[in-house]
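S.K.: Before I ask anything, here is the structure I am working with.
The values are calculated or read from the model by the stated rules, or taken from the named source; none is laboratory data. The shown structure was predicted, so the numbers you read here are calculated from the model rather than taken from an experiment. Heads up, the Cβs are rebuilt from the backbone with ideal geometry, glycines too, and the neighbour counts pull from every protein chain shown. We work out accessible area using only protein heavy atoms, side chains counted, and drop any ligands, DNA or RNA first. Shrake-Rupley method; radii C 1.70, N 1.55, O 1.52, S 1.80 Å.
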Amino acid sequence: MTSPELSIIIPAYNEETLIMSTLDCLQSYLSARPESYEMIVIDDGSQDRTVESVRQLQKNNDHIRLLVNPENRGKGFSIQRGVQESQGQTIIFTDADLPYELDAIDGFLQALRNGCDLAVGSRVLPGSEVRGVPMLRYVAGQVFSWMVQAVLFQGLPDTQCGFKSFRAEAAREIFRRVTIGGFGFDVEMLFIARKRKYAIQPVPVHMIEHRQRSRVRLFKDSIEMFANLFLVRWNDLQGKYK
């Protein structure tokens, strides 16, 4: 079988209420594009009927692949596994609630065709649109961005947008070095990309009103993500990203 041009990775945890509509939406969008594609759902130990819902769709859709983690391992681990199992020439990951308009994929592919290794969604560029983000969460995001600039690297003010794309070769080189399984994986992944001198292009995204509450626990996960910044710096000093 010929490898698909696009691999779309969707990490999912307890998403039975929306995973079918998410995959239907992706299918409608991708089937209208010229590129061949696969959609890879990584179930992260869901305790609801997410797996059963995806398997139901698989019966009539051979574009859908399902990977199941036996226990909850985190978003970073799930995307890392999806990258390892993907077959596409270009890899894109998005959140299971599709919070961003899919038209950003045009910007991703254009940047990759122009020689970039990564094209990443950014909510702070001119032309971006953000909706429905609570003020406290927005402020926490700004503080985290400042910490990333101070501790790890500058030039990418939005590291946490859950919509990113890669040349497959770059993605595999990056993710085989990722050690963080939780929400802090984005900064580690981008740090590795910068360290390996991959070209990164931010792309404006348009946020859709959330269909569900964010799974980021503001206090607990924020503390862990701040700690991850120093873990990444320590890992680098230990030579783990060579």
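S.K.: I'd like to know if region 68-82 contains one or more residues that are touching a residue at least 12 places away in the same chain (Cβ under 8 Å) and in contact with a Lys or Arg (Cβ under 6 Å, 6 or more places away or on another chain).
M.R.: The answer is no, given that none of the residues of region 68-82 is touching a residue at least 12 places away in the same chain (Cβ under 8 Å) and in contact with a Lys or Arg (Cβ under 6 Å, 6 or more places away or on another chain).
S.K.: Could you list, in sequence order, the residues of region 71-121 that are β-branched (Val, Ile, Thr) and outside any strand (DSSP E or B)?
M.R.: Looking only at region 71-121, we keep the residues that are β-branched (Val, Ile, Thr), and these are 79, 83, 90-92, 94, 105, 120.
If the condition is that a residue be β-branched (Val, Ile, Thr) and outside any strand (DSSP E or B), then Ile79, Val83, Ile105 are the ones that fit.
S.K.: Return the residue satisfying two criteria in turn: it lies in region 49-66 and is part of a loop (DSSP other than H, G, I, E, B) and open to solvent by 30 Å² or more (accessible area, probe 1.4 Å), and of such residues it is nearest to Gly88 (Cα to Cα).
M.R.: His63
Yes/no per residue for (1) without any contact (Cβ under 8 Å) to a residue 12 or more places away in the chain; (2) within 15 Å of the chain's Cα centre (by Cα):
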| residue | (1), (2) |
| --- | --- |
| Asp106 | yes, no |
| Ala119 | no, yes |
| Ser128 | no, no |
| Met135 | yes, no |
| Ala150 | yes, no |
| Gln154 | yes, no |
| Gln160 | no, yes |
| Phe166 | no, yes |
| Phe183 | no, yes |
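S.K.: Oh, and also: Would you point out the residue of region 111-131, among those that are touching a strand residue (DSSP E or B) at 6+ places or on another chain (Cβ under 7 Å) and of a type in the set (A, V, I, L, M, F, W, C), that is most open to solvent (accessible area, probe 1.4 Å)?
M.R.: Val130
S.K.: Which pairs have Cβ atoms under 6 Å, sit 6 or more apart or on different chains, and link a residue in region 45-61 that is without any contact (Cβ under 8 Å) to a residue 60 or more places away in the chain to one that is exposed (fewer than 14 other Cβ atoms within 10 Å of the Cβ) and in a loop (DSSP other than H, G, I, E, B)?
M.R.: Filtered contacts from region 45-61: Gly45/Glu71.
S.K.: In region 74-89, how many are open to solvent by 20 Å² or more (accessible area, probe 1.4 Å) and either touching a Leu at 6+ places or on another chain (Cβ under 7 Å) or under 24 Å from Thr2 (Cβ atoms) (or both)?
M.R.: Total satisfying the criteria: 5.
S.K.: Only residues that are in contact (Cβ under 8 Å) with a residue 60 or more places away in the chain, aromatic (Phe, Trp, Tyr) and open to solvent by less than 60 Å² (accessible area, probe 1.4 Å): list them for region 1-44, please.
M.R.: Tyr29
S.K.: Determine, yes or no, whether Ser165 is part of a strand (DSSP E or B), modelled with pLDDT of 95 or more and under 29 Å from Thr50 (Cα atoms).
M.R.: Working: part of a strand (DSSP E or B): yes; modelled with pLDDT of 95 or more: yes; under 29 Å from Thr50 (Cα atoms): yes.
Criteria met by Ser165.
S.K.: Determine which single condition Val143 fails, assuming it passes every other condition in (1) farther than 19 Å from Asn228 by Cα; (2) open to solvent by 60 Å² or more (accessible area, probe 1.4 Å).
M.R.: (1)
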